[in-house]
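First comes the structure, then the notes that go with it.
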Amino acid sequence: MPRPRVFFQGDYELLSSQFAGLVVAAKKGIFKAKGIDVILRGRVRPGSEADVVAAIQEAVGEKGGVALGCAEQNIVVPAQHGGAPVKVISAMYHKSPLGLGLLPSSRITSLKELAHRESRVGMLADSLTLAQRMMHQAAGSTSAYIPEVVEVTNENKIGLLLAGKLDAIQIYDATEPVEIQIETGHPPRFLPFLPSLGYAQAIFAHSTALTNEKQRDVITTFLACMYQGWEEALNDPRATAALIMEARREAHVAVTNPKIEKTEYFEKVLRNLEAYVRPPAGKSKMGLVDPGVYDEASAFFVKAGLLSKAFPQAKSLDTTLWA
């Protein structure tokens with residue numbers, strides 16, 4: 001009998017500290033020991049992850065495996081509103097590390113202050129609207145300027161910031177600041193996106209898979225293995241960083257910046273991510289999604305203009321699988 005397969009689609013390079021739990025579970029054989037084969041897929045167009053997962057699931061059918069993906073809650077919920085037939089089932093990060101990074105020398109201390117200046121902000125394709133809305137809200141009706149929001153990629157955004165071609169860029173406060181400090185000797189100024197954007201790296205599955213008991217069992221097994229991987233990763237960041245480097249070499253991941261693609265970099269990022277991955281106060285295990293917190297963030301998406309109206313939680317979230 002063939003082993004169940006899980007196709008996992010991330011919104012970033014999976015062989016990295018941001019997905020250390022996946023790397024550890026795959027490299028240490030945790031997935032295989034529980035009888036599942038996991039296929040880690042390469043990056044796709046930002047914002048398309050939900051549609052990609054839905055297409056994979058529909059292509060392989062219930063006997064061909066399970067398709068899962070992850071992205072920010074502020075990306076997944078609008079995708080659901082647009083027709084993507086997926087539901088969130090868990091989240092690697094219980095709060096969002098997303099915000100804007102400015103040069104270390106910048107004296108700007110708030111989004112409002114930035115919004116009242118003639119400036120250029122670089123965002124990934126899936127977050128352009130978010131930044132535009134937040135800049136307009138921060139500026140209010142009294143500003144003579146509204147910052148220009150332009151599209152960038154993960155590969156070019158830091159270079160554009162350091163070259164002075166952008167005044168701010170989209171970053172995770174746990175990751176890119178490490179790279180910027182390596183490049184400049186100082187961490188960037190960080191402006192968090194507030195109010196909360198909810199959960200980050202929210203994991204989702206096709207809604208039909210969640211009605212099939214065998215597929216639900218496979219998904220539950222996958223989550224248990226991945227969070228075991230996260231536990232081991234956070235307990236030994238240095239060894240995990242070395243494991244990530246090994247996985248990248250084996251997969252022939254191109255080295256784009258030799259200054260940062262080292263064990264020390266991956267270790268620092270992993271240590272920074274611990275506060276996002278470890279369960280918050282009152283929660284018993286990693287990956288749990290609080291419906292109240294989830295709804296508050298979704299309500300903000302409506303207020304910010306990312307959604308025309310609230311998307312029903314029953315169609316967006318399933319907390320019965322990972323509880």
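The values are calculated or read from the model by the stated rules, or taken from the named source; none is laboratory data. Computed from a prediction, not measured in an experiment: that's the story for all the values here. Reconstructed Cβ throughout: ideal geometry from the backbone, glycine too, with neighbour counts over all protein chains shown. To get the accessible areas, we keep the full protein, side chains included, count just its heavy atoms, and leave off ligands, DNA and RNA. Shrake-Rupley method; radii C 1.70, N 1.55, O 1.52, S 1.80 Å.
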Considering only segment 287-297, I want to know if a residue exists there that is within 15 Å of residue 21 (Cα to Cα) and touching a Leu at 6+ places or on another chain (Cβ under 9 Å). yes
Which one of these is under 21 Å from the mean Cα position of the chain (by Cα), among the polar types (S, T, N, Q) and within 22 Å of residue 275 (Cβ to Cβ): 175, 220? 175
Is it the case that some residue within segment 232-255 is over 26 Å from residue 89 (Cα atoms), open to solvent by less than 50 Å² (accessible area, probe 1.4 Å), out of contact with any strand residue (DSSP E or B) (no Cβ under 6 Å at 6 or more places or on another chain) and outside any helix (DSSP H, G or I)? yes
Filter result for the condition that a residue is closer than 25 Å to residue 79 by Cα and not basic (Lys, Arg), over 171, 146, 182, 158: 171
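Hey, can you tell me all the residues within segment 165-196 that are part of a loop (DSSP other than H, G, I, E, B), crowded, with 19+ Cβ neighbours inside 10 Å and not β-branched (Val, Ile, Thr)? Spell out the reasoning first.
Taking segment 165-196 first, the residues part of a loop (DSSP other than H, G, I, E, B) are 165-167, 173-175, 185-188, 193-196.
Those left that are additionally crowded, with 19+ Cβ neighbours inside 10 Å: 166-167, 173-175, 188, 193.
Answer for segment 165-196, where residues must be part of a loop (DSSP other than H, G, I, E, B), crowded, with 19+ Cβ neighbours inside 10 Å and not β-branched (Val, Ile, Thr): 166, 167, 173, 174, 188, 193.
Return the residues of segment 30-69 that are hydrophobic (A, V, I, L, M, F, W, C) and open to solvent by 50 Å² or more (accessible area, probe 1.4 Å); say none if nothing qualifies. Please lay out each step first, then the result.
Restricting attention to segment 30-69, the residues satisfying the condition of being hydrophobic (A, V, I, L, M, F, W, C) are 30-31, 33, 36, 38-40, 44, 50, 52-56, 59-60, 66-68.
If the condition is that a residue be hydrophobic (A, V, I, L, M, F, W, C) and open to solvent by 50 Å² or more (accessible area, probe 1.4 Å), then 33, 39, 40, 55, 59 are the ones that fit.
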For residue 98, only one of the following conditions fails: (1) in contact with a Pro (Cβ under 9 Å, 6 or more places away or on another chain); (2) open to solvent by 20 Å² or more (accessible area, probe 1.4 Å); (3) under 27 Å from residue 247 (Cα atoms). What is its number? (2)
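Would you pick out the residues in segment 135-164 that are in contact with a Lys or Arg (Cβ under 7 Å, 6 or more places away or on another chain), open to solvent by 20 Å² or more (accessible area, probe 1.4 Å) and not acidic (Asp, Glu)? Write out each step before concluding.
Step one: list which residues in segment 135-164 are in contact with a Lys or Arg (Cβ under 7 Å, 6 or more places away or on another chain), which gives 138, 145, 147-148, 150.
After this cut, where a residue has to be open to solvent by 20 Å² or more (accessible area, probe 1.4 Å) as well, the list is 138, 145, 148, 150.
138, 145, 150 - these are the residues of segment 135-164 that are in contact with a Lys or Arg (Cβ under 7 Å, 6 or more places away or on another chain), open to solvent by 20 Å² or more (accessible area, probe 1.4 Å) and not acidic (Asp, Glu).
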Residue selected from segment 276-320 under the condition free of Cβ contacts under 8 Å to residues at least 40 places away in the same chain and assigned to a helix (DSSP H, G or I), by the criterion farthest from residue 138 (Cα to Cα): 314
Neighbours by Cβ (under 7 Å, 6+ apart or cross-chain): first from segment 213-226, closer than 18 Å to residue 61 by Cβ; second part of a helix (DSSP H, G or I) and open to solvent by 40 Å² or more (accessible area, probe 1.4 Å): 215/62
Within the set of pairs 6 or more residues apart or between chains, which connect a residue that is at pLDDT below 75 inside segment 132-154 to a residue that is open to solvent by 30 Å² or more (accessible area, probe 1.4 Å) with Cβ atoms less than 6 Å apart? 143/116; 145/118
Would you confirm whether or not segment 310-321 contains a residue that is surrounded by 16 or more Cβ atoms within 10 Å (Cβ to Cβ) and more than 26 Å from residue 217 (Cα to Cα)? yes
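Residue under question is residue 83, and the condition is that it be within 21 Å of residue 310 (Cα to Cα), free of Cβ contacts under 8 Å to residues at least 24 places away in the same chain, open to solvent by 20 Å² or more (accessible area, probe 1.4 Å) and over 17 Å from the mean Cα position of the chain (by Cα); does it hold? First the steps, then the outcome.
Working: within 21 Å of residue 310 (Cα to Cα): yes; free of Cβ contacts under 8 Å to residues at least 24 places away in the same chain: yes; open to solvent by 20 Å² or more (accessible area, probe 1.4 Å): yes; over 17 Å from the mean Cα position of the chain (by Cα): yes.
Yes.
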Would you confirm, using the coordinates I've provided, whether residue 266 is open to solvent by less than 30 Å² (accessible area, probe 1.4 Å), within 26 Å of residue 131 (Cβ to Cβ) and of a type in the set (Phe, Trp, Tyr)? no
Consider segment 123-134. How many of its residues are open to solvent by 50 Å² or more (accessible area, probe 1.4 Å) and either assigned to a strand (DSSP E or B) or closer than 12 Å to residue 102 by Cβ (or both)? 0
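Being more than 20 Å from residue 275 (Cβ to Cβ), open to solvent by less than 50 Å² (accessible area, probe 1.4 Å) and either among the charged types (D, E, K, R) or in contact with a His (Cβ under 6 Å, 6 or more places away or on another chain) (or both), is that true of even one residue in segment 208-216?
Our first condition is that a residue be more than 20 Å from residue 275 (Cβ to Cβ); within segment 208-216, this holds for 208-216.
If we keep only those that are open to solvent by less than 50 Å² (accessible area, probe 1.4 Å) too, we end up with 209-210, 212, 215-216.
Subsequent filtering for residues that are either among the charged types (D, E, K, R) or in contact with a His (Cβ under 6 Å, 6 or more places away or on another chain) (or both) retains 216.
Yes; the residues of segment 208-216 include at least one that is more than 20 Å from residue 275 (Cβ to Cβ), open to solvent by less than 50 Å² (accessible area, probe 1.4 Å) and either among the charged types (D, E, K, R) or in contact with a His (Cβ under 6 Å, 6 or more places away or on another chain) (or both).
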